[in-house]
Ligand SMILES: [Zn+2]
């Protein structure tokens, strides 16, 4: 192919495959129906041996059920934690096998990341994941058929108290208070992507749950919300 043409076609195809998937992503859930004062806590990137047990303790004390999007490779390494999450009544989600950006995965790699992550979480927890979340919320067109085959919808989030940049526990609680609305899905991290994220979450979580209860929210796992 003429190099000049090639340079035009390849970025265009890549943009359709990645950005285009977001435009066509009618199958992606960002919030639940707004009618009830229900909200969901979701935790990404675990299971983590330092932070996940403390998060589970806090949730048990508050009698809150949540949803954990596990990285398959970490579930392989921490099967007892994955099993504890399931046994304590939380929902399980698949967060790919190795947390690669789907924007950098071709169709075959996408299928492999999703299917292998699903199988790893199911084997470790003793229960198949019901939901999927793409790392960093980045999707591609190959993701949808792979998820349809597994019957796991892609669920993103409404409110992210800490994104790519560290946010203090106090700031996280303030952000949640400001942005909450019925049907909101909160995106939290019980492991470090951003350094220190897990420890900050453990510090913020009791106050966050209390603030939501004060505002009249009932926290539920995604299976009850969607
Ligand atoms: Zn993640």
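Things to note:
- Averaging the sequence gap over all C-alpha pairs within less than 8 Å and six or more residues apart, then dividing by the number of residues, gives segment 147-226 a relative contact order of 29 percent.
- Virtual spin-label span in nm between residue 123 and residue 179, 7 Å along Cα→Cβ: 3.6 nm
- Three-way shape label, segment 1-109, alpha-carbon gyration tensor, a/c 1.5: oblate
- Spin-label pair residue 73-residue 223: with each label point 7 Å from Cα along the Cα-Cβ axis, the two points sit 2.9 nm from one another.
- Protection proxy ranking of 12-21, 149-158, by the mean of other Cβ atoms within 10 Å over each peptide's residues and highest first, is 149-158, 12-21.
- Computed lengthening from residue 15 to residue 34, 0.36 nm per intervening residue step minus Cα-Cα distance: 3.6 nm
- Rounded to the nearest 10 degrees, the angle from helix 3-23 to the longest Cα principal axis of the chain is 30 degrees.
- Rounded if a/c under 1.5, otherwise prolate or oblate - segment 79-196, Cα gyration tensor axes: prolate
- Anisotropy class of segment 132-179 from Cα gyration tensor, a/c 1.5 cut: prolate
- Per-selection Kirkwood Rh - the chain (Cα, Å, 1 d.p.): 17.9 Å
- With Cα atoms defining each centre, segment 69-127 and segment 177-216 are spaced 22 Å apart in the structure.
- Label point distance in nm, residue 83-residue 213, each placed 7 Å from Cα along Cα→Cβ: 3.1 nm
Each reported figure results from applying straightforward, stated rules to the coordinates on display, with no laboratory input. Owing to the predicted nature of the structure, the values given are computational and were not obtained by experimental measurement. Note: ideal-geometry Cβ built from the backbone for every residue, glycine included; neighbour counts use all protein chains shown.
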